[in-house]
Amino acid sequence: MTRQSDPVVSVEIDGEIAVIRLDRPGRLNAFTHQMSEEIIAAFDATDADDAVRAVVITGNGRAFCAGADLAAGGDTFVTETSGEVPPDIGGRTTLRIFRSTKPVVAAINGPAAGVGVTMTLPADIRIASETAKFGFIFTARGLVPEACSSWFLPRLVGVGTALEWLIGARMVPVTEAHERGLVREVVAPEQVLPRAIEAARELVAGTSPVSVALTRAMLWRMLGAADPIDAHRAESVGIYLRGRSADVREGVDAFLTKRRPEFPDRVSDGLPDLFAETDPAG
């Protein structure tokens, strides 16, 4: 994939919301190694900034992301290696979004194909423009699904729809994506980003940043759990640790005194491990 020198991702702050923009509009925000690195760096920065409560990711121009930059032609996906299989850069990017300690809203402002759609799958909410369409086009390029989409997509839309979209490799219209649960809302093009920012604010208003980060991790982690006892163990650790926290004291007092809470705990101080081996009474 092509490398550039100028930045291809920008970050702006709108109050408590960080907006990450893919910024190669002349190439329909086609994905490159540099874009992957800059997205990862942007999420590192938003995680480290306690003033940021949620993240919106969008594209500049008429597309969200056209997928991998194919400037190298048939060699686009050839990677030099010393023998070990190199990690998929789309997967590294998607996993970084997945591990965000802040909620993520994807504002899909136009067409999204390949990694351009699969990178949105770990977002908590996807809001799409009426001009959007989605291309899970891997088999039509001789590839297989990437960016962890074989894990995420069936969990979002069901295995039947995932098989249909991934095997068939057709462009999925936004109306179908909405009907099958890939996107939560479809809005006019000029409303995509404002609505995504509004949805992000709704997610975090009046909530504990640490509790939000832990809840997001718990729900994703439990999708792969074999038994509800796994959830019981993690929740027991969480209730025990958070029950002794300053956040809980503040949250309860704010409720009883009918005021807005001001939670003192910070994500940047580190999150407790809810998934350590424990054996609470059932």
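Here are some notes:
- Residue within the range 237-247 that is free of Cβ contacts under 8 Å to residues at least 24 places away in the same chain and exposed (fewer than 11 other Cβ atoms within 10 Å of the Cβ) present: yes
To keep it simple, each residue is scored yes or no on (1) at pLDDT 95 or above; (2) among the hydroxyl-bearing types (Ser, Thr, Tyr); (3) over 19 Å from residue 168 (Cβ atoms).
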residue: 101; (1), (2), (3): yes, yes, yes
residue: 108; (1), (2), (3): yes, no, yes
residue: 117; (1), (2), (3): yes, no, no
residue: 126; (1), (2), (3): yes, no, yes
residue: 132; (1), (2), (3): yes, no, no
residue: 136; (1), (2), (3): yes, no, no
residue: 141; (1), (2), (3): no, no, no
residue: 144; (1), (2), (3): no, no, no
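- Neighbours by Cβ (under 9 Å, 6+ apart or cross-chain): first from the range 31-45, of a type in the set (S, T, N, Q); second buried (at least 21 other Cβ atoms within 10 Å of the Cβ) and assigned to a helix (DSSP H, G or I): 32/89; 36/89; 36/90; 36/93; 36/115
- Matching residues in the range 3-28 - criterion: being touching a Lys or Arg at 6+ places or on another chain (Cβ under 9 Å) and assigned to a loop (DSSP other than H, G, I, E, B): 4, 8, 15, 16, 28
Here's the yes/no breakdown for (1) in contact with an Asp or Glu (Cβ under 8 Å, 6 or more places away or on another chain); (2) within 28 Å of residue 255 (Cα to Cα):
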position: 187; (1), (2): yes, no
position: 191; (1), (2): no, no
position: 194; (1), (2): no, no
position: 198; (1), (2): no, yes
position: 207; (1), (2): no, yes
position: 215; (1), (2): no, yes
position: 231; (1), (2): no, yes
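- The lone exception for residue 182 - which of (1) outside any helix (DSSP H, G or I); (2) more than 23 Å from residue 59 (Cα to Cα); (3) at pLDDT 95 or above; (4) not acidic (Asp, Glu) it fails: (2)
Each row is one residue, and each column tells you yes or no for (1) surrounded by fewer than 24 Cβ atoms within 10 Å (Cβ to Cβ); (2) out of contact with any Leu (no Cβ under 9 Å at 6 or more places or on another chain); (3) of a type in the set (Phe, Trp, Tyr).
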| residue | (1), (2), (3) |
| --- | --- |
| 116 | no, no, no |
| 121 | yes, no, no |
| 124 | yes, no, no |
| 129 | no, yes, no |
| 135 | yes, yes, no |
| 145 | yes, no, no |
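- Extreme residue, surrounded by the most Cβ atoms within 10 Å (Cβ to Cβ), among residues of the range 1-23 that are within 21 Å of residue 132 (Cα to Cα) and either among the hydroxyl-bearing types (Ser, Thr, Tyr) or in contact (Cβ under 8 Å) with a residue 40 or more places away in the chain (or both): 22
- Each residue in the range 138-158 was checked for being over 20 Å from the mean Cα position of the chain (by Cα) and either of a type outside the set (D, E, K, R) or within 15 Å of residue 94 (Cβ to Cβ) (or both), and 6 pass.
- Residue ID - nearest to residue 212 (Cα to Cα), chosen from residues in the range 255-282 that are in a loop (DSSP other than H, G, I, E, B), modelled with pLDDT under 95 and among the acidic types (Asp, Glu): 273
Quick grid of which residues meet (1) assigned to a helix (DSSP H, G or I); (2) farther than 23 Å from residue 151 by Cα:
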residue	(1), (2)
210	yes, yes
214	yes, no
226	no, no
242	yes, yes
247	yes, yes
253	yes, yes
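- Cβ-Cβ under 6 Å pairs, at least 6 apart or on other chains, the range 268-282 side farther than 30 Å from residue 49 by Cα and of a type in the set (Gly, Ala, Ser), far side in a helix (DSSP H, G or I) and modelled with pLDDT of 90 or more: none
The values are calculated or read from the model by the stated rules, or taken from the named source; none is laboratory data. Computed from a prediction, not measured in an experiment: that's the story for all the values here. Ideal geometry is used to build each Cβ from the backbone, glycine not excepted, and the neighbour counts take in all protein chains shown.
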